[in-house]
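Here is the structure we will look at.
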Amino acid sequence: MADQPAQTTPFRVTLRREKIAARQALPEAVHALASAHILAHLFQLLQPRPPGVIAFCWPVRAEVDCRPLLLDLLRADWQAAMPTVVTPATPMDFRAWTPDAPMATDPFGIPVPQTARCVTPDVVLLPLVAADPAGYRLGYGGGYFDRTLAATVPRPLTIGVGFELAIVPDIHPEPHDIPLDLIVTETGARLTRQLGTSALSMSSV
């Protein structure tokens with residue numbers, strides 16, 4: 001990677017375009033079945049943990065819709081939040097979310113809670129455009145999650161959520177990229193970073 005800096009950005013631009021197109025091209029039935037498997041794997045992973053605060057993103061561009069999982073977790077005494085861009089090129093806020101929360105849109109047109117109450121998440125579900133076995137994630141190119149996770153103390157458990165088609169050998173990570181702790185696709189969960197037993201029950205992966 002170090003000897004290919006000039007190739008990194010064009011590579012990632014092309015990879016992003018190809019993976020978004022592939023995800024959007026999934027037949028509806030295939031998308032629905034894979035999404036159901038992903039949500040089941042996530043529930044199995046999270047159910048043994050004590051209830052906490054979990055952050056997720058409103059689905060766009062044929063991403064996995066995590067809201068059914070969030071409803072199950074809310075019934076199990078979890079709290080939910082959504083990352084929200086308030087000021088461009090700064091860390092995001094995590095605004096509290098419930099199914100009946102009033103919604104607005106952020107500067108990119110993505111639905112977000114219209115509330116001033118912010119929380120610190122214990123778990124963050126991050127949508128994947130692409131990811132590699134080392135846990136490096138390719139998103140939409142704004143760097144918002146990396147910027148936000150770098151500023152969040154204590155660091156939450158980070159789980160990349162996407163379809164198996166998003167997995168590639170190497171996304172060519174850049175210096176600011178922060179690796180995920182886990183990646184969950186329809187095939188199951190991958191542990192990408194060594195975690196202590198307080199952070200994750202290994203038997204649930």
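A short reminder: the numbers here are calculations on the coordinates, not readings from a lab. On a predicted model such as this, the values are computed, not experimentally measured, just so you know. Don't worry about glycine lacking a Cβ; one is built from the backbone with ideal geometry, like all the others, and counts go over all protein chains shown.
The trypsin sites (Lys or Arg not before Pro) of segment 61-160 that DSSP puts in a loop, and whose beta carbon has at most 12 other beta carbons within 10 Å, are 61, 117. Think of it as helices only: each DSSP H run of n ≥ 4 in the chain is worth -39500 (n - 2.57), and spread over all residues that comes to -9000 deg cm²/dmol at 222 nm. Taking 7 Å steps out from each Cα toward its Cβ at residue 11 and residue 114 produces label points 4.4 nm apart.
About its Cα centre, the chain has a charge dipole of approximately 160 debye under the convention of +1 per Lys or Arg Cβ and -1 per Asp or Glu Cβ, with nothing else charged.
Pull out a ≥ b ≥ c, the square roots of the eigenvalues of the alpha-carbon gyration tensor of the chain, then state rounded if a/c is under 1.5, prolate if not and a/b is larger than b/c, and oblate in the remaining case. Here the chain falls in the rounded category. When only Cα pairs below 8 angstrom with a gap of at least 6 residues are kept, the chain shows a relative contact order of 22 percent.
Between residue 168 and residue 155, residue separation times 0.36 nm minus the direct Cα-Cα distance comes to 2.1 nm. Taking 7 Å steps out from each Cα toward its Cβ at residue 193 and residue 18 produces label points 2.7 nm apart. Fully extending the segment from residue 60 to residue 74, taken as 0.36 nm per residue of separation minus the present Cα-Cα distance, adds 2.8 nm. The label point for residue 43 and the one for residue 100, both projected 7 Å from the Cα toward the Cβ, are 2.3 nm apart. Here the extension length gained between residue 25 and residue 87 equals 19.0 nm, from 0.36 nm per residue of separation less the Cα-Cα distance.
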